[in-house]
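One structure is given here, and the rest of the page talks about it.
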Amino acid sequence: MDSFLQGLEGYLGSSPLLAFIAVFLGGVLTSFTPCIYPMIPITIAYIGGRSGDSKLKGLSLSLFYVLGMAVTYAALGAFAALTGKFFGSATTNPILYIVVANVFIFLGLSMLDIVTIPMPSFLAGRQSGNKGGGRIGAFLVGLLAGTVAAPCTAPVLGVVLTFVAAKQQVAYGVGLLFVFSIGLGTLLIIAGTFAGFMSSLPKSGNWSVIIKKFFGWLMIAVGEYFLITAGQLLV
């Protein structure tokens with residue numbers, strides 16, 4: 001990951017075309033990190049209950065879902081470009097690392113079933129068999145998902161936002177973060193497109209519990225890494 005981040009910094013400073021390609025690939029790479037794992041069953045559960053067996057409807061809902069995520073990241077890009085040096089200095093603030101660390105640890109504890117994250121009402125409707133809602137609902141769920149996942153994408157997202165803050169070009173910053181979110185959502189689009197089929201599969205067994213707990217411990221370890229980094233900044 002460190003070598004990729006160093007390469008990403010180089011591509012961002014080379015040309016706009018390479019910058020957009022690099023942030024898209026950065027988003028795809030980030031989508032395979034443990035923090036995005038909990039979003040996959042949410043995507044399947046929500047979209048699968050509304051698309052039925054229609055892959056076309058699943059694709060449509062998935063695109064609106066990812067569009068909601070894209071709005072969150074585009075807003076971050078605009079904020080970074082508008083605040084400039086202030087945002088750049090904030091990214092080296094140990095308080096930010098402590099906040100990100102606690103998000104990782106909290107999500108890790110949730111995956112270990114030690115704490116429970118309340119399910120929003122519009123997601124709870126899925127559990128009661130409600131198949132209502134459409135593209136607007138998928139967009140709102142994606143908006144929420146983007147907010148939750150933002151701290152988890154910190155390594156790649158931090159590099160991109162720091163670059164955007166230095167450039168102070170709002171349109172360019174919004175575009176880069178929008179493309180990053182599309183890369184981040186590619187895996188979710190695939191999952192959502194086939195959600196109707198996947199949600200009808202038999203329930204997972206003990207193997208899925210083992211994987212879930214593995215990712216839980218891994219996320220806690222990442223949280224500890226951010227706490228160590230915060231400690232180094234405080235010294």
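All of the numbers you see were taken from the coordinates with simple rules; none came from a lab. In this text the structure is predicted, and so the values were computed from the model without any measurement. For neighbour counting, all protein chains shown are included, and Cβ atoms are generated from backbone atoms with ideal geometry for every residue, glycine included.
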Review point. What's the FRET efficiency of S15 with I190 using the Cβ-Cβ distance as r and R₀ = 41 Å, to the nearest 0.05?
Key: 0.90
Point to revise | FRET efficiency, 1/(1 + (r/R0)^6) with R0 41 Å, evaluated for L234 and S54 via beta carbons | key: 0.15
Exercise for review: Could I have the simple spin-label model distance between F32 and A221, label points 7 Å from Cα toward Cβ, reported in nm to one decimal?
Suggested key: 1.7
